Amino acid sequence: ALAIEWSGLDPDDVVREFYTDPDALPLDSTDFKIDAPMPSSTPNQPPFGPLRLAIIVDDGGYGGWITEEILALPNSLTLSILPHAPYSYETAQRATQLGFEVMLHMPMENVTGRTTYPGEITVNMDANQMRDLTNQALADVPGAIGINNHTGSKFTSNAAAMRAWLDLIKDRGYFFIDSRTAHAACAYEVADEMEIPSAENELFLDHQSGPGNIRARFTQVIAMVKRQGHAICICHFRKNTVPILKAMMPEFDKEGIEIVHASTLVH
């Protein structure tokens, strides 16, 4: 991130040159929280009240048929848009007009130490550097009312860095979702401690991109919601995900599960 800044390159230009395919974006380390907690041997009592599930679709901003298919889905989905992508601004605008909830998918440092996406904030940055990159990112995603992290296994596991960054957005009205890209992540706990409306991802639906794996994750998240009453999960603007997500939307209705915006489940 600093190399891009020092060289005078525009992050938008870097994305157009090197990050042209959303399916090729690195998802992060192997420390992803890809499995839901296993149910205990003693089943929970059936939850009272409505069954609610928030599905956040990450990595928007690349346009093409994938974006068109997702924008044609029910607007109860939450779309998280990467900054600096070729169609970040346009996608965020269209999604907002269509009634989707829009989030900024803020790039954050991962454990490898390699920049996985331009404009990412790192644990060694001072508040001014973090603020500048965050403001640039927010300007690229108009209408965003919440933020979650893109990669970030290192940044979200560093309580001091998270506290410094969250302090910059605390009074600006955004909610925060910890994507939970590492088991050691403490971002949600820090946000909760700072009384920022927040929550955490509970299951990645498409970290393993095979259609069979994705379908199994959707089955898993349905069981999770029925067990605990609500859940937040994440999938991505990816070619194998789109048809399964499209096919599952009516299935949630059949299961009595209401798809809600992520902001509904923050606290």
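What's the total number of residues in segment 192-205 that are farther than 23 Å from ASP126 by Cα and open to solvent by less than 50 Å² (accessible area, probe 1.4 Å)?
Residues that pass the stated criteria total 8.
Do we have any residue at all in segment 168-183 that's part of a helix (DSSP H, G or I), closer than 25 Å to LEU104 by Cβ and in contact with a Ser or Thr (Cβ under 8 Å, 6 or more places away or on another chain)? Quick ask: steps written out before the conclusion?
So the first thing to find is which residues in segment 168-183 are part of a helix (DSSP H, G or I), and the list is 168-172.
Still in the running and closer than 25 Å to LEU104 by Cβ: 168-172.
Now restrict to residues that are in contact with a Ser or Thr (Cβ under 8 Å, 6 or more places away or on another chain): 168-169.
For segment 168-183, residues part of a helix (DSSP H, G or I), closer than 25 Å to LEU104 by Cβ and in contact with a Ser or Thr (Cβ under 8 Å, 6 or more places away or on another chain): present.
With respect to the numbered conditions (1) within 19 Å of PRO74 (Cβ to Cβ); (2) touching a helix residue (DSSP H, G or I) at 6+ places or on another chain (Cβ under 7 Å); (3) in contact (Cβ under 8 Å) with a residue 40 or more places away in the chain; (4) surrounded by fewer than 21 Cβ atoms within 10 Å (Cβ to Cβ), which one is the sole condition not fulfilled by ILE244?
(3)
Would you be able to say whether some residue in segment 175-191 is among the acidic types (Asp, Glu), open to solvent by less than 10 Å² (accessible area, probe 1.4 Å), within 18 Å of the chain's Cα centre (by Cα) and over 21 Å from LEU73 (Cα atoms)?
So the first thing to find is which residues in segment 175-191 are among the acidic types (Asp, Glu), and the list is 178, 189.
Adding the requirement that they be open to solvent by less than 10 Å² (accessible area, probe 1.4 Å) leaves 178.
Checking which are within 18 Å of the chain's Cα centre (by Cα) leaves us with 178.
Now drop any that are not over 21 Å from LEU73 (Cα atoms), which leaves 178.
Yes.
Among the numbered criteria (1) in contact with a Leu (Cβ under 9 Å, 6 or more places away or on another chain); (2) open to solvent by 50 Å² or more (accessible area, probe 1.4 Å); (3) modelled with pLDDT under 60, which one does ARG16 miss?
(1)
Would you call ALA144 modelled with pLDDT of 95 or more and touching a Phe, Trp or Tyr at 6+ places or on another chain (Cβ under 7 Å)? Steps first, answer last, please.
Numbers: modelled with pLDDT of 95 or more: yes; touching a Phe, Trp or Tyr at 6+ places or on another chain (Cβ under 7 Å): no.
Against the criterion (modelled with pLDDT of 95 or more and touching a Phe, Trp or Tyr at 6+ places or on another chain (Cβ under 7 Å)), ALA144 does not qualify.
For segment 130-139, give me each residue that is free of Cβ contacts under 8 Å to residues at least 60 places away in the same chain and open to solvent by 10 Å² or more (accessible area, probe 1.4 Å).
At the first step, the residues of segment 130-139 found to be free of Cβ contacts under 8 Å to residues at least 60 places away in the same chain are 130-132, 134-135, 137-139.
The answer is ARG131, ASP132, ASN135, LEU138, ALA139.
Could you identify the single residue in GLN208, GLN220 that is open to solvent by 10 Å² or more (accessible area, probe 1.4 Å), on the phi < 0 side of the Ramachandran plot and modelled with pLDDT under 95? Step through it out loud before you land on a result.
On the way: GLN220 fails: modelled with pLDDT under 95.
After ruling out the rest, the residue left standing is GLN208.
Test each condition in (1) closer than 26 Å to GLY64 by Cα; (2) among the small types (Gly, Ala, Ser); (3) open to solvent by 20 Å² or more (accessible area, probe 1.4 Å); (4) touching a helix residue (DSSP H, G or I) at 6+ places or on another chain (Cβ under 9 Å) for GLY99 and report the one that comes out false.
Here GLY99 meets the rest and fails (4).
Tally up the residues in segment 102-118 that are within 16 Å of the chain's Cα centre (by Cα) and open to solvent by less than 10 Å² (accessible area, probe 1.4 Å), please. Please lay out each step first, then the result.
Kept after step one, since they are within 16 Å of the chain's Cα centre (by Cα), are these residues of segment 102-118: 102-110, 116-117.
If we keep only those that are open to solvent by less than 10 Å² (accessible area, probe 1.4 Å) as well, we get 102-108, 110, 117.
Counting residues in segment 102-118 that are within 16 Å of the chain's Cα centre (by Cα) and open to solvent by less than 10 Å² (accessible area, probe 1.4 Å) gives 9.
With respect to PHE218, determine if the residue is among the aromatic types (Phe, Trp, Tyr) and out of contact with any strand residue (DSSP E or B) (no Cβ under 7 Å at 6 or more places or on another chain).
Yes: the conditions hold for PHE218.
The values are calculated or read from the model by the stated rules, or taken from the named source; none is laboratory data. It should be emphasised that the depicted structure is a prediction, and the values quoted were computed from it without experimental measurement. Because the Cβ atoms are built from the backbone with ideal geometry, glycine has one as well, and the counts that use them run over all protein chains shown. Heads up: the accessible areas ignore ligands, DNA and RNA and are worked out on the full protein's heavy atoms, side chains in. Shrake-Rupley method; radii C 1.70, N 1.55, O 1.52, S 1.80 Å.
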